[in-house]
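Accompanying notes for the structure given below.
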Amino acid sequence: MTGSSSVAGRESSKSADPALVALAVLIVATWLPAVVLGGVAGIFESGPSRPPLPILAALAVPLGIFGLAYALMPRFRDFVLSLDLRVLTAMQSWRVIGGMFVFLWAFDLRPALFAFPAGLGDVAVGVAAVFVLRAMIDEAPGWRRKVLLLNLGGLLDFVGAFATGILTSDSALGLLAGGKADQWASMGSMPLSLIPTFAVPMWIILHLISLLQLRELGRRAG
């Protein structure tokens with residue numbers, strides 16, 4: 001097991017392509033202000049008679065670009081696989097900030113159907129990330145399985161949060177809002193709009209990178 005963990009350390013510590021590092025920084029530095037301005041302008045609001053297409057697009061476009069770049073650009077693929085898996089895992093610990101949804105529910109700003117699964121799920125993933133990272137650093141038996149479960153659990157949490165968020169939204173798909181959606185803080189307006197338009201796709205990409213690295217490690221071990 002020590003050998004396989006050492007492989008993980010070597011593969012994750014490869015020198016990243018400086019040009020692609022600069023490009024990644026530029027993309028994030030452009031992406032974040034763009035969604036901030038979009039949120040301020042209200043373009044992520046859908047309205048009660050329309051589906052939440054703006055937020056869905058804000059989620060799907062970054063994931064689509066990442067998937068295409070990984071599939072079609074070997075240089076980008078090498079860059080993705082060179083990132084440190086331990087750092088990727090540590091970044092998931094920031095998911096604990098999702099616990100704020102429970103506080104928003106306490107002030108009647110978000111519905112319980114969304115706040116508890118999304119908030120408690122994020123906290124669980126964030127706390128688990130600390131223990132998984134420790135297992136990786138200590139080269140504990142079964143560390144790969146722990147990383148796998150962490151990332152699959154994190155993705156599953158996002159699926160549930162997005163589904164309940166849409167079903168309780170002030171949109172044509174807010175079937176479980178019960179006519180109260182206009183009383184709650186909208187996920188399409190600032191500052192909450194930053195979560196589905198930036199934080200969620202960013203964390204999903206980190207999950208995908210971790211899973212891709214696990215698959216590559218499995219191939220090389222085989």
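Please treat every number below as a calculation from the coordinates, not as lab data. Note that the coordinates shown come from a computational prediction; the quantities given were computed from them, not determined experimentally. Neighbour counts run over all protein chains shown; Cβ positions are idealised from the backbone, glycine included.
If you go through segment 147-173 and pick out every residue that is surrounded by fewer than 22 Cβ atoms within 10 Å (Cβ to Cβ), in contact with a Leu (Cβ under 7 Å, 6 or more places away or on another chain) and farther than 16 Å from PRO117 by Cβ, you end up with 2. State yes or no: is PHE101 surrounded by 19 or more Cβ atoms within 10 Å (Cβ to Cβ) and aromatic (Phe, Trp, Tyr)? So PHE101 fits the description; yes. Residues considered: VAL40, VAL125, VAL21, VAL35. Of these, the only one that is surrounded by 14 or more Cβ atoms within 10 Å (Cβ to Cβ), of a type in the set (A, V, I, L, M, F, W, C) and over 18 Å from the mean Cα position of the chain (by Cα) is VAL21. Scanning segment 144-173 for residues that are part of a helix (DSSP H, G or I) and under 22 Å from ILE55 (Cα atoms) yields a count of 14.
Among the residues of segment 30-68, the one identified as in contact (Cβ under 8 Å) with a residue 24 or more places away in the chain, more than 27 Å from HIS207 (Cα to Cα) and assigned to a helix (DSSP H, G or I) is VAL40. Report yes if some residue within segment 136-143 is among the small types (Gly, Ala, Ser) and in a helix (DSSP H, G or I); otherwise report no. No; the residues of segment 136-143 include none that is among the small types (Gly, Ala, Ser) and in a helix (DSSP H, G or I).
What do you reckon, is ILE166 more than 29 Å from PHE76 (Cα to Cα), out of contact with any Asp or Glu (no Cβ under 8 Å at 6 or more places or on another chain) and among the β-branched types (Val, Ile, Thr)? So ILE166 fits the description; yes.
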